[in-house]
Amino acid sequence: MTRILLALAAALMAVAAQAQQWPAKPVRVIVNVAPGGVADVTARVLGARLGETLGQSFVIENRPGGDGYIGFDAVARSEPDGYTLCYSPGSSVMIAPLIVKRADLDPLKVLAPVVATGGVSLYVLLHPGVPANNYEEFLAYARANPGKLNYGTPGNGTSPHVATEVFNREAKTKLNHVPYKGAGPALNDLLGGQIQLAFDPGVGLNAARAGKLRMVAVAGPVRHPDFPDVPTLEEKGIKGVDGGPHFGFFAPAATPREVLERVNREVQRAMKEPVVLERFKALAVNLAEPMTPDQFGTYVKGQYARYARLLPELNIGQ
């Protein structure tokens, strides 16, 4: 019995020591969407700052496709030691699995929530070819031309997809969905005129500032300070359209609690740095409220339950 207790104590001490010395080597961060989107950019901002403060490089690796599962698979197969993390939009973890089900790779089972980083508002951006200069003109045109306008999203089951379908329902419009492998590719096609609009998570703001795209509404709690004349959808009587769940870091499910807590603390510390705050602000990312890994886990389950009720109402994934 004494030997067993000593072995357990030694194991616990080893885990604690591992957590304290993390990171003792470079950390791989797998982003499960394409480069250029908000998830990719915020991961790189945080990774750069963590690398500077912790003295080890944080290598960002994009694994897009498969509705997020390609990235999930790479993380789930890795050693649960804190040296391979997943950085994902909340929709990939809390919405998409309700549409594309993988019993062998359920992110709520194979991944452990580590830390929430932030959420986005969505910006209704139009290609200049759409004959609408403001929200009222856009709404009138969309209603008068059902099925004529195509909207791009980062993929099936993403927050922009769900938000636009809620808008279709609430505004009585018929906008056609074109899924991409990330917000960046969707923005490229919007700029090129292959699609006519997007409920953009922030990557298109510079194009709107430059006049290459036209912003007509904000799907979020407040107007954007750079576009003070552009109303929120709530102001126009459209309810329930938002940017979806928080982005965040996840780890393999068997990662020791002490390691998760250390990663959580370091990421939250990095998120208070001015360089990170300024970049998040430029991307119009709203910081998540501070959460422990357990609190983030509760949040993930709650959002999953919310969308499990909402998706059937929108006929998404049916």
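The values are calculated or read from the model by the stated rules, or taken from the named source; none is laboratory data. Everything quoted here is computed from the prediction, not taken from an experiment. Virtual Cβ from ideal backbone geometry, glycine too; neighbours counted across all protein chains shown. Ligands, DNA and RNA are stripped out before the accessible areas are found, and what is left, the full protein with its side chains, is counted by its heavy atoms. Shrake-Rupley method; radii C 1.70, N 1.55, O 1.52, S 1.80 Å.
Give the number of residues within region 269-303 that are open to solvent by 60 Å² or more (accessible area, probe 1.4 Å) and in contact (Cβ under 8 Å) with a residue 60 or more places away in the chain. It would help to see each step written out before you state the result.
First, the residues of region 269-303 that are open to solvent by 60 Å² or more (accessible area, probe 1.4 Å): 269, 272, 274-275, 277-279, 281, 286-287, 289-290, 292, 294-295, 298, 301.
Of the ones still in play, those that are also in contact (Cβ under 8 Å) with a residue 60 or more places away in the chain are 269, 275, 279, 286-287, 289, 301.
Matching residues across region 269-303 total 7.
Cβ-Cβ below 9 Å, separation at least six or inter-chain, first residue in region 194-207 and more than 21 Å from ASN176 (Cβ to Cβ) and at pLDDT 95 or above, second of a type in the set (A, V, I, L, M) and in a strand (DSSP E or B): which pairs?
The qualifying pairs are ALA207/LEU125.
Filter region 111-166 down to residues that are among the aliphatic types (A, V, I, L, M) and in contact with a His (Cβ under 6 Å, 6 or more places away or on another chain), then give me how many there are. Can you show your working first?
Here is the first cut: in region 111-166, the ones among the aliphatic types (A, V, I, L, M) are 111-112, 114-116, 120, 122, 124-126, 130, 132, 139-140, 142, 144, 149, 162-163, 166.
Of the ones still in play, those that are also in contact with a His (Cβ under 6 Å, 6 or more places away or on another chain) are 116.
Final tally of qualifying residues: 1.
Being modelled with pLDDT of 95 or more, surrounded by fewer than 21 Cβ atoms within 10 Å (Cβ to Cβ) and touching an Asp or Glu at 6+ places or on another chain (Cβ under 9 Å) is the filter here, so list the residues in region 209-227 that pass it.
Within region 209-227, just ARG209 meets the criteria.
Checking the structure you have, find out if any residue of region 254-264 is open to solvent by 30 Å² or more (accessible area, probe 1.4 Å), more than 30 Å from LYS109 (Cβ to Cβ) and in contact (Cβ under 8 Å) with a residue 12 or more places away in the chain.
no
What pairs can you find where one residue is in region 54-69 and closer than 20 Å to VAL110 by Cα, the other is modelled with pLDDT of 95 or more and among the charged types (D, E, K, R), and their Cβ atoms are less than 9 Å apart, with a gap of 6+ or different chains?
Between residues of region 54-69 that are closer than 20 Å to VAL110 by Cα and residues that are modelled with pLDDT of 95 or more and among the charged types (D, E, K, R), the close pairs are GLU61/ARG28; ARG63/ASP73; GLY66/ASP73.
Among what's in region 115-139 and is in contact with a Lys or Arg (Cβ under 8 Å, 6 or more places away or on another chain) and part of a strand (DSSP E or B), pick the residue that is surrounded by the most Cβ atoms within 10 Å (Cβ to Cβ).
LEU125
Just the residues that are among the small types (Gly, Ala, Ser) and in a strand (DSSP E or B), please, taken from region 209-261. Give the steps one after another, and end with the answer.
Step one: list which residues in region 209-261 are among the small types (Gly, Ala, Ser), which gives 210-211, 217, 219-220, 237, 240, 243-244, 248, 251, 253-254.
Within region 209-261, ALA217, ALA219, GLY248, ALA251 qualify.
Among ASN150, ASN176, which is the only one that is surrounded by fewer than 18 Cβ atoms within 10 Å (Cβ to Cβ) and farther than 30 Å from PHE280 by Cα?
Details: ASN150 fails: farther than 30 Å from PHE280 by Cα.
Residue meeting the stated conditions: ASN176.
In region 80-99, which residues are aromatic (Phe, Trp, Tyr) and surrounded by fewer than 24 Cβ atoms within 10 Å (Cβ to Cβ)?
Keep residues of region 80-99 that are aromatic (Phe, Trp, Tyr), which gives 83, 87.
TYR83, the sole residue that qualifies.
Given the structure, is ALA142 open to solvent by less than 20 Å² (accessible area, probe 1.4 Å), in a loop (DSSP other than H, G, I, E, B) and farther than 26 Å from LEU46 by Cα?
Details: open to solvent by less than 20 Å² (accessible area, probe 1.4 Å): yes; in a loop (DSSP other than H, G, I, E, B): no; farther than 26 Å from LEU46 by Cα: yes.
No.
Could you please let me know if ARG309 is touching a strand residue (DSSP E or B) at 6+ places or on another chain (Cβ under 7 Å) and free of Cβ contacts under 8 Å to residues at least 60 places away in the same chain? Outline the logic, then answer.
Working: touching a strand residue (DSSP E or B) at 6+ places or on another chain (Cβ under 7 Å): no; free of Cβ contacts under 8 Å to residues at least 60 places away in the same chain: yes.
Taking the combined requirement at face value, the residue does not satisfy it.
Does region 83-109 hold any residues that are part of a loop (DSSP other than H, G, I, E, B) and either closer than 10 Å to GLY68 by Cβ or among the charged types (D, E, K, R) (or both), and which are they? Talk me through it step by step, then tell me what you get.
Step one: of region 83-109, the residues part of a loop (DSSP other than H, G, I, E, B) are 83, 89, 95, 99-102, 106.
Hits for region 83-109 are PRO89, ILE95, VAL100, LYS101, ARG102, ASP106.
Take the conditions part of a helix (DSSP H, G or I), open to solvent by less than 10 Å² (accessible area, probe 1.4 Å) and either modelled with pLDDT of 95 or more or over 25 Å from ALA270 (Cβ atoms) (or both) and apply them to GLY71. Does it pass?
Answer is yes for this residue.
Looking at region 20-34 only, could you name the residues that are crowded, with 18+ Cβ neighbours inside 10 Å, outside any strand (DSSP E or B) and not aromatic (Phe, Trp, Tyr)?
Within region 20-34, PRO23, ASN32, VAL33, ALA34 meet the criteria.
State which residue is farthest from GLY155 (Cα to Cα) when the search covers only region 77-117 and only residues that are hydroxyl-bearing (Ser, Thr, Tyr) and at pLDDT 95 or above. Talk me through it step by step, then tell me what you get.
The first filter runs over region 77-117 and keeps only residues hydroxyl-bearing (Ser, Thr, Tyr), leaving 78, 83-84, 87-88, 91-92, 117.
Within this subset, residues satisfying the condition of being at pLDDT 95 or above are 78, 83-84, 87-88, 117.
Working: SER78: 25, TYR83: 28, THR84: 24, TYR87: 16, SER88: 13, THR117: 21 Å.
Checked region 77-117; the qualifying residue farthest from GLY155 (Cα to Cα) is TYR83.
Evaluate region 145-157: report whether one residue or more is on the phi < 0 side of the Ramachandran plot, among the hydrophobic types (A, V, I, L, M, F, W, C) and not in a loop (DSSP other than H, G, I, E, B). Steps first, please.
Going through region 145-157, the residues on the phi < 0 side of the Ramachandran plot turn out to be 145-146, 148-154, 156.
In the following step, the residues that additionally are among the hydrophobic types (A, V, I, L, M, F, W, C) were identified as 149.
Checking which are not in a loop (DSSP other than H, G, I, E, B) leaves us with none.
No, region 145-157 contains no residue that is on the phi < 0 side of the Ramachandran plot, among the hydrophobic types (A, V, I, L, M, F, W, C) and not in a loop (DSSP other than H, G, I, E, B).
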